[in-house]
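*Asks:* Got a structure here, written out as C-alpha cells. Questions coming.
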Amino acid sequence: MKGRVAAIVMCVVLALYLVLVGQRAVLFVRAGEPIAVVLGIALIVLPIIGVYALLVEIRFGILTEKMVKQLAAEGELPVDDVPKRPSGRYEREAADAAFPGYADAVRAAPDDWRAWFRLGLAYDACGDRRRARGAIRRSMRLRRVSRVAA
C-alpha cells in the first residue's frame, strides 16, 4: 500500500512539475534567441523522458502485483521464512543460504515464469535489486509468451 501511495504522490508531483516547466519552456521558445530556444526544447524533451520512465515503472509494479496475486492463488508463492532484521530487511546470510534452491529451480525449468519470479524475489532478499528486476522482467516475458501460447 505504501508503494501505491508513493506512486500516486510521484505522479501528482510530476504533473505539477510538467505544467510549471512546460510554461517556462514555451516562454523560452517564444523568446526567439537561439540559446533560449534550445533550452526551451530541452525543457520539453527531458520531462517527456521522465514521464516515460515513470510509466514504465508503474507498469512494472502493476504487472508484478498481478503475478504475485496469481502465484498466491495457485499456492506457488515461496514461504517467507527467512529471518529479518528489526528494520524489516532480510538477514543477508540467511537469504544467501536460501538462494541456491531458487537458482536450481530456474536451471531445471528455464522457461517457467514462476521459477524466474521466485528467483527475482530471492535476488531481492539477497539485496541484489538489479538482478531481481532482471529476473522479474524475464518472468514477465515468459508469462506473456505462455499466455499467448495457451
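Read-outs: derived from the displayed coordinates by stated rules, not from any lab. Keep in mind that this is a model prediction, so the values were computed, not measured. We place every Cβ from the backbone using ideal geometry, glycine too, and count neighbours over all the protein chains shown.
*Asks:* By how many degrees, between 0 and 90 and to the nearest 10, does the Cα long axis of helix 113-125 differ from the longest principal axis of the chain?
*Replies:* Orientation of helix 113-125: about 80 degrees from the principal axis.
*Asks:* Please list 3J(HN,Hα) in residue order for the stretch 22-29, calculated via the Karplus relation 6.51 cos²θ - 1.76 cosθ + 1.60 where θ = phi - 60°; whole Hz, with x for glycine and proline.
*Replies:* x, 4, 5, 4, 4, 4, 5, 5
*Asks:* Helix-only mean residue ellipticity at 222 nm, the chain, DSSP H runs n ≥ 4 weighted -39,500 (n - 2.57), per residue, nearest 500. What is it?
*Replies:* It lands at -28500 deg cm²/dmol.
*Asks:* Let me ask something else about it. What does the charge count around Val145 come to, taking other residues whose C-beta lies under 11 Å from its C-beta (Lys +1, Arg +1, Asp -1, Glu -1)?
*Replies:* Values: positive: Arg138, Arg141, Arg143, Arg144, Arg147; negative: Asp111.
Taking every other residue near Val145 into account, the sum is +4.
*Asks:* Just the ratio, please: alpha-carbon radius of gyration of the stretch 92-149 over 2.2 N^0.38 Å, N its number of residues.
*Replies:* 1.10
*Asks:* For q values of 0.26, 0.27, 0.28, 0.30 Å⁻¹, compute log₁₀ I(q)/I(0) with the Debye formula on a Cα-only model of the stretch 2-63, without solvent.
*Replies:* -1.00, -1.04, -1.08, -1.16
*Asks:* On to the next question. Please compute the net charge surrounding Val56, taking Lys and Arg as +1 and Asp and Glu as -1 over other residues with Cβ under 13 Å from its Cβ.
*Replies:* +2
*Asks:* Translational diffusion coefficient of the chain at 37 °C, 0.692 mPa s, Stokes-Einstein with Kirkwood Rh over Cα pairs, in µm²/s as a whole number.
*Replies:* 179 µm²/s
*Asks:* Nearest 10 degrees, 0 to 90: what angle lies between the long axis of helix 34-74 and the longest principal axis of the chain (Cα atoms)?
*Replies:* 20 degrees
*Asks:* Give me a comma-separated list of calculated 3J(HN,Hα) values for the stretch 83-96, in order, Karplus coefficients 6.51, -1.76, 1.60 applied at θ = phi - 60°, integers in Hz, x for any Gly or Pro.
*Replies:* 3J(HN,Hα) across the stretch 83-96, in whole Hz: x, 10, 6, x, 6, x, 7, 6, 5, 4, 5, 5, 5, 4.
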